[in-house]
Amino acid sequence: MARSQSWIDGLEEQDLVFVKRFVLASGSLKELARVYGISYPTVRLRLDRLIAKIQVLEEAAAGSEFERVLRAQYADGRIDKETLKLLLESHRRELEGRQ
């Protein structure tokens with residue numbers, strides 16, 4: 001029986017490794033910072049971005065695959081807010097033009 005795509009399917013390998021390490025560190029960001037050899041604020045930022053990415057992947061409002069991917073890229077910090085808005089608006093205009 002095939003299952004529908006879940007939020008976890010939208011995560012990259014490095015996201016899954018981060019989640020695994022987070023769980024193994026009993027949710028301690030301080031321990032995660034030590035494991036990764038980075039500062040606490042950097043770990044916090046990565047966690048915040050991962051949370052935002054999961055929220056985007058869970059949202060039913062982000063209907064199309066293109067929009068979900070685009071919003072996940074924004075949540076991941078790979079594109080800025082202005083680029084996100086520009087691409088979403090362009091995509092919506094294109095979809096409206098097809099109707």
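The values are calculated or read from the model by the stated rules, or taken from the named source; none is laboratory data. Values in this document were obtained by computation on a predicted structure and should not be read as measured data. As a convention, Cβ positions derive from the backbone with ideal geometry for all residues, glycine included, and neighbour counts pool all protein chains shown.
Some values worked out for this structure:
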read-out	value
Residues that are part of a helix (DSSP H, G or I) and surrounded by 16 or more Cβ atoms within 10 Å (Cβ to Cβ), drawn from the stretch 60-76	GLU67, ARG68, LEU70, ARG71, ALA72, GLN73, TYR74, ALA75
Check on GLU96, out of contact with any strand residue (DSSP E or B) (no Cβ under 8 Å at 6 or more places or on another chain), assigned to a helix (DSSP H, G or I) and surrounded by fewer than 14 Cβ atoms within 10 Å (Cβ to Cβ)	yes
Test: residue in the stretch 28-49 that is free of Cβ contacts under 8 Å to residues at least 60 places away in the same chain, farther than 23 Å from TRP7 by Cα and under 19 Å from the mean Cα position of the chain (by Cα)	yes
Test set (1) touching a helix residue (DSSP H, G or I) at 6+ places or on another chain (Cβ under 6 Å); (2) free of Cβ contacts under 8 Å to residues at least 24 places away in the same chain - GLU59 fails condition number	(1)
Top-ranked residue of the stretch 27-59 - restricted to ones that are of a type in the set (Asp, Glu) and assigned to a helix (DSSP H, G or I), ranked as nearest to ILE8 (Cα to Cα)	GLU58
Failed item, numbered, when ALA52 is tested on (1) more than 19 Å from the chain's Cα centre (by Cα); (2) crowded, with 16+ Cβ neighbours inside 10 Å	(1)
For ILE79: the one exception among (1) of a type in the set (A, V, I, L, M); (2) closer than 25 Å to SER6 by Cβ; (3) assigned to a helix (DSSP H, G or I)	(3)
Selection from the stretch 14-26 of residues that are in a helix (DSSP H, G or I), more than 12 Å from the chain's Cα centre (by Cα) and either surrounded by fewer than 13 Cβ atoms within 10 Å (Cβ to Cβ) or among the hydroxyl-bearing types (Ser, Thr, Tyr) (or both)	VAL17, LYS20, VAL23, LEU24
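Okay, residues lined up against (1) modelled with pLDDT of 95 or more; (2) among the acidic types (Asp, Glu):
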{"position": "GLN5", "(1), (2)": "no, no"}
{"position": "PHE18", "(1), (2)": "yes, no"}
{"position": "GLN73", "(1), (2)": "no, no"}
{"position": "ASP76", "(1), (2)": "no, yes"}
{"position": "ILE79", "(1), (2)": "no, no"}
{"position": "GLU94", "(1), (2)": "no, yes"}
